[in-house]
């Protein structure tokens, strides 16, 4: 196994995360139940004649990847690996609506072609004239982690640098379906914050985060990626067992972790998975969360990784991220844990360089 250094990061989210001079201190907790991504100045990253042809997911992906590549001083990656739970959802909905409205006749293929999950990775490659390895993983809420694991394997095979990221967008009709089955919180339940809502569901949002992984540490390195592991299904009483085994396999123990970043989203039925760890193994560890800033979407764990990278490099923990009142003198080792509705569990371990 080789080393996996994160040498560039880029993010488009519900917050203004594309401006270099804006910090976590300027971010605010989301107070709506469905929140679109903050739109950056797309003309700074994409040719104007191409913008109107791109879906929202593609535009977010192109911007986030451009920022990550620029930070890493990379003009063309040797692999582009993307994770997306739902792909370009708006175009999928548009195509289905056209099928219904036109009685399945005289359909143009444009929306269908642009709706596929690998559209984002393909458009990034076209913009870079990159003909290298290009794969998209569609594994629900572990889509991004699956991409990370593939990125690590590519570096092990001397294929680097790797551009890896996660992208998901909001689809209006699909969101309405999620509301019917209580996957989306009611807006009136958010007056006291996401974690205090004490109701089912989460705040739905969208975003794109990309990272440049390389085998060599550089002056601009954010952190070292130690390992990633995913599980489809874990019982509540198995979470600590799986976490401890993951740490042990990487020669770590709970006392080595300076910060744990959990994916709490305020869902009263499933936040117990996080509470098991936070109230037991990590009760004396500084605890952070991030979905009150990003919202929930299939690849949102990439926002968690982006957050961890920023914290490790700055060595500072903003108040808005804190779950408890524990403090750490230095941020050396960070553990991230995410799951969605009791499925698609993942642990990610980072280390300061």
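What number of residues within the range 250-274 are more than 22 Å from residue 206 (Cβ to Cβ) and either in contact with a helix residue (DSSP H, G or I) (Cβ under 9 Å, 6 or more places away or on another chain) or modelled with pLDDT under 95 (or both)?
Step one: list which residues in the range 250-274 are more than 22 Å from residue 206 (Cβ to Cβ), which gives 250-260, 268-269, 272-274.
With either in contact with a helix residue (DSSP H, G or I) (Cβ under 9 Å, 6 or more places away or on another chain) or modelled with pLDDT under 95 (or both) added as a condition, the list becomes 252-254, 256-257, 259-260, 272-274.
Of the residues in the range 250-274, 10 are more than 22 Å from residue 206 (Cβ to Cβ) and either in contact with a helix residue (DSSP H, G or I) (Cβ under 9 Å, 6 or more places away or on another chain) or modelled with pLDDT under 95 (or both).
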Seminar exercise, completed: Filter the range 20-58 for residues that are without any contact (Cβ under 8 Å) to a residue 60 or more places away in the chain and closer than 30 Å to residue 226 by Cβ; the one that is surrounded by the fewest Cβ atoms within 10 Å (Cβ to Cβ) is 20
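Could you list all residues from the range 243-259 that are in contact with a strand residue (DSSP E or B) (Cβ under 8 Å, 6 or more places away or on another chain) and either within 20 Å of residue 305 (Cα to Cα) or surrounded by 16 or more Cβ atoms within 10 Å (Cβ to Cβ) (or both)?
Going residue by residue through the range 243-259, those that are in contact with a strand residue (DSSP E or B) (Cβ under 8 Å, 6 or more places away or on another chain) are 243, 246-247, 249-250, 252, 256-259.
Those that are in contact with a strand residue (DSSP E or B) (Cβ under 8 Å, 6 or more places away or on another chain) and either within 20 Å of residue 305 (Cα to Cα) or surrounded by 16 or more Cβ atoms within 10 Å (Cβ to Cβ) (or both): 243, 246, 247, 250, 252, 256, 257, 258, 259.
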Exercise. Which residues, counting only those in the range 166-197, are touching a helix residue (DSSP H, G or I) at 6+ places or on another chain (Cβ under 8 Å), surrounded by fewer than 17 Cβ atoms within 10 Å (Cβ to Cβ) and over 21 Å from residue 61 (Cα atoms)?
Worked result: 173, 193, 195
Seminar exercise, completed: Considering only helices (runs of 4 or more DSSP H) wholly within the range 234-353, the ones with at least 2 residues that are within 28 Å of residue 179 (Cα to Cα) and in contact (Cβ under 8 Å) with a residue 24 or more places away in the chain are 272-278, 291-294, 301-314
For this session: Would you check which residues across the range 37-54 are over 18 Å from residue 14 (Cβ atoms) and part of a loop (DSSP other than H, G, I, E, B) and list them?
Result: 45, 46, 47, 52, 53, 54
For this session: Answer yes or no: is there a residue in the range 226-235 that is at pLDDT 95 or above, crowded, with 18+ Cβ neighbours inside 10 Å and more than 22 Å from residue 298 (Cα to Cα).
Result: yes
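The values are calculated or read from the model by the stated rules, or taken from the named source; none is laboratory data. These figures come from a predicted structure and were not determined experimentally. Glycine gets a Cβ as well: all are built from the backbone with ideal geometry, and neighbour counts include every protein chain shown.
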